[in-house]
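Okay, structure first, notes after.
Every number in this text was worked out from the coordinates using simple rules, so none of it is lab data. Because the structure is a prediction, the values reported are computed rather than measured. No Cβ is skipped: glycine too gets one built from the backbone with ideal geometry, and neighbour counts run over all protein chains shown.
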Amino acid sequence: MNREKEFRFAVESDTKLILDFVKALADYEKMSDDVVATEELLREWIFEKQKAEVIFILDDGREVGFALFFHNFSTFMGRAGIYLEDLFVFPEYRGKGYGKKLLQELARIAVDRGCGRLEWACLDWNKPSIGFYLSLNAKPMDEWTVYRLTGDNLKNLAIE
């Protein structure tokens, strides 16, 4: 059965749904203990401060996947890009093209906004996702390593 796939941008009343997707993704990535986000934090940072955007992909009106993204900037390109922080499709909807459609929609948004690139990170153990990304001609950034400061390390550096 060929079901119609459509998208919609999240609105503030979707905050609980966004958190549900975040928790489902964290569970899939075996990182549930790392989730400290709350509805209040997501509402503040996504909708009040407008620091990120969320799109949902729907199947017969039900949200079955989501992508959370924000703009970054490339000094070499002299223009903004889109950084995909999270992409998740519920397990029962995988293998049906929803992930690809979400990435196609993000690519369309990037092109429409004049962005120079769309990029994201993927856990090294996530072979199904890596294979999927390679099938889309996405290129791994083999010579780059992501670094991160959080918690006390971030605070300590800020006050040194």
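Summing +1 for each Lys or Arg and -1 for each Asp or Glu among the other residues whose beta-carbon sits under 12 angstrom from that of GLU44 gives -1. Here the calculated FRET efficiency for LEU157 and LYS51, from their Cβ-Cβ distance with R0 = 30 Å, stands at 0.90, rounded to the nearest 0.05. Between GLU29, GLU143, GLU44, the residue with the greatest mean-square fluctuation in the GNM of the chain (Cα pairs under 10 Å linked by springs) is GLU143.
Once the Cα-Cα distance is subtracted from the 0.36 nm per residue extended length, the ILE130 to THR150 segment shows a gain of 4.6 nm.
Beta bridges from DSSP with both residues in region 7-141: antiparallel share about 85 percent, rounded to the nearest 5.
The distance linking region 6-80 with region 105-146 is 17 Å (Cα centroid to Cα centroid, whole angstrom).
Pick the calculated percent of Cα pairs over 30 Å apart for this structure from (i) 17; (ii) 24; (iii) 32? Among (i) 17; (ii) 24; (iii) 32, the one calculated here is (i). Computed on region 5-159, with alpha-carbon pairs under 8 angstrom and 6+ residues apart, the relative contact order is 17 percent.
Building the convex hull from the alpha-carbon atoms of region 88-160 and averaging its projection over directions returns 7.7 nm².
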